[in-house]
Structure formats: C-alpha cells, structure tokens
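Participant: Okay, here's the structure, questions in a sec.
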Amino acid sequence: MNEAYLCLGGNIGDRELALHTALLKIKENVGEIIALSNIFETEAWGVDNQQAYLNQCIHIKTNLSANDLIDTLLEVEKNLGRKRTISETYEPRTIDIDILFYNNEVIESPKLIVPHPRLHLRKFVLIPLNEIAPNYLHPILNKTIFNLLSNCEDSSEVKSYKKL
C-alpha cells in the first residue's frame, strides 16, 4: 500500500462543492483518505485580480503507482471542469490536485515531479499540510513540514475558511 499527500484547491464556481466532490472522487477512484486538513481561503498565488482559492491537504493510502495516481487525479480534475491550457501564468481553475509527496520517493519524470518542487515556498500548502503532517520529513530538503512552514517567506494571507 502506498501513501501520498495531496493538495486540493480551486477558485472558480462553487469552490466548496468542488473540494467536496473531489474528495468523493478520490475515495471512489484512488483509495482511503487517512487524514484531511481544515479548509483554508487564500489569495491567488503569483497573480493579481483572481478570486481567492479554497485549499485543503489530505493524506491517502492507495494501491496506485505514482504514474497511475497522477493520471487518475488529472481525470478527476477534468471531470470537475478543469480546463488546462498551455500558459506561462497561473490561471483560475475549478479544481487543482497536486501530489505533494508519494511514499518517501523522489520522482522526476516528464509527467510528475515529487516532492512537489514549490511546496516549501507556499503557505497555502504548508499551513494545511502542517495540520495533518507536521513531523513529515521532506525527503530532499530534510526538514519537517513544521520547520518548512516556520521558515517560509511567503507573505500571502491564508485564513481558516468559515461557511457562510
């Protein structure tokens, strides 16, 4: 059985429903969700003039290989209305599902890079990930998630999401 940490986020349409539906699809098609963080609302990272994102991190167990996992997650994104374009900028999206860690493996292929190469730079990833895995050791940086968050220079606002 493989373990992975994922980050889910979206900023188009019913953001909360997209997260909820993605979680259901992950349970159906990927495997067991062991832990999930609270939902956080964050300003769009790296761009201006976009609606805020809702983000959440989860810990899963799966029988899927890393390549099968990314293929399945991309299909979930597509089924939830994600339209990928070839662009140099970050675009709004209904849902985005990133593999942050897969077991303790380091994977570099044209399809997948794990650990996620920018997770340590983004508070919108580190804050929810710290809720469910503060002592997880990054296999390349050799620092815990708690330490990465403590040293993160990202100044963007990440706040707990409260339903209206």
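Participant: Just round it to a whole percent: the fraction of Cα-Cα distances in the chain exceeding 22 Å.
Facilitator: Working: 5162 of 13366 pairs.
When every Cα pair of the chain is considered, 39 percent fall beyond 22 Å.
Participant: Which of the aspartates and glutamates could a cross-linker bridge to K78, judged by Cα under 14 Å and excluding same-chain residues fewer than eight apart?
Facilitator: Correct list for K78: D96, D98.
Participant: What distance in nm lies between label points placed 7 Å from Cα along the C-beta direction at N103 and D68?
Facilitator: 1.3
Throughout, read-outs are computed from the coordinates displayed, never taken from laboratory work. Note that the coordinates shown come from a computational prediction; the quantities given were computed from them, not determined experimentally. Counting neighbours? That spans all protein chains shown, and the Cβs are built from the backbone with ideal geometry, glycine included.
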